Amino acid sequence: MEIKMKLKLQVMAGLVILSACSGKTETRNAEEYVANDAGIEAKGTAADPIAVGEALVKSNDCNTCHHKTNTVIGPAHLKVAEKYEFTEANVKLLAAKIMKGGSGVWGQIPMAAHVDLTEEEAESMARYVLSLDGEKEH
Ligand code: HEC
């Protein structure tokens, strides 16, 4: 029950940010977020780490600071994909950053740490972000 409330708040925060961005309008609704949350519960059976990562990014607080194509507080995830090659080394590098947080790569604003994520979850999220420019892992 409490988790549902938290998720709702995140969804609302996400929508405010989305609608605050004047550029592309991506219409996402609350049902979609809830559906993605359900997707995470099924992650044990999900074969595609990129899809798992996408669901995790949507259900965590990432979209409070990040948008797929627009710079918000943090860099657009598409820009991150363009900056880094999609290699295992970079998956690990970005997963560590997602877990530990930090600053200095894109500016002085720090990214929050995410101590409750497992390494596997953080790596799935990194894979999703790195896939956004269409590059395949190599
Ligand atoms: C409090 C705001 C905030 C939240 C929440 C947040 N980020 Fe970030 N993120 C940032 C900022 C700011 C940067 C740039 C950090 C820097 O310059 O080193 C960043 C950078 C990144 C990078 C690039 C790292 C690099 O070293 O190039 C990735 C990948 C990323 N975030 C993914 C995520 C994911 C996934 C989540 C959700 C688990 C998330 N972020 C949540 C603010 C945030």
Given the structure, is A122 free of Cβ contacts under 8 Å to residues at least 24 places away in the same chain, of a type in the set (A, V, I, L, M, F, W, C) and assigned to a helix (DSSP H, G or I)?
no
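Is it true that A81 is surrounded by fewer than 18 Cβ atoms within 10 Å (Cβ to Cβ), among the aliphatic types (A, V, I, L, M), more than 8 Å from the ligand (Cβ to nearest atom) and modelled with pLDDT of 95 or more? Spell out the reasoning first.
Numbers: surrounded by fewer than 18 Cβ atoms within 10 Å (Cβ to Cβ): no; among the aliphatic types (A, V, I, L, M): yes; more than 8 Å from the ligand (Cβ to nearest atom): yes; modelled with pLDDT of 95 or more: yes.
No: the conditions fail for A81.
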Which ones in the range 49-75 are of a type in the set (G, A, S) and out of contact with any Ser or Thr (no Cβ under 7 Å at 6 or more places or on another chain)?
A51, A55, S59, G74
How do the pairs read when you match residues in the range 92-107 that are more than 14 Å from I73 (Cβ to Cβ) and among the small types (G, A, S) with residues anywhere that are near the ligand (Cβ under 8 Å from one of its atoms) and in a helix (DSSP H, G or I), using Cβ under 8 Å and keeping only pairs 6 or more apart or on different chains?
A95/A122; A95/M125; A95/A126; A96/A122
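Does M99 satisfy being out of contact with any Cys (no Cβ under 8 Å at 6 or more places or on another chain), part of a helix (DSSP H, G or I) and surrounded by 18 or more Cβ atoms within 10 Å (Cβ to Cβ)? Outline the logic, then answer.
Values: out of contact with any Cys (no Cβ under 8 Å at 6 or more places or on another chain): yes; part of a helix (DSSP H, G or I): yes; surrounded by 18 or more Cβ atoms within 10 Å (Cβ to Cβ): yes.
Yes: the conditions hold for M99.
The values are calculated or read from the model by the stated rules, or taken from the named source; none is laboratory data. Bear in mind that the values here come from a model prediction, so they are computed numbers and not experimental data. Note that each Cβ is placed from the backbone with ideal geometry, even for glycine, and that neighbours are counted across all protein chains shown.
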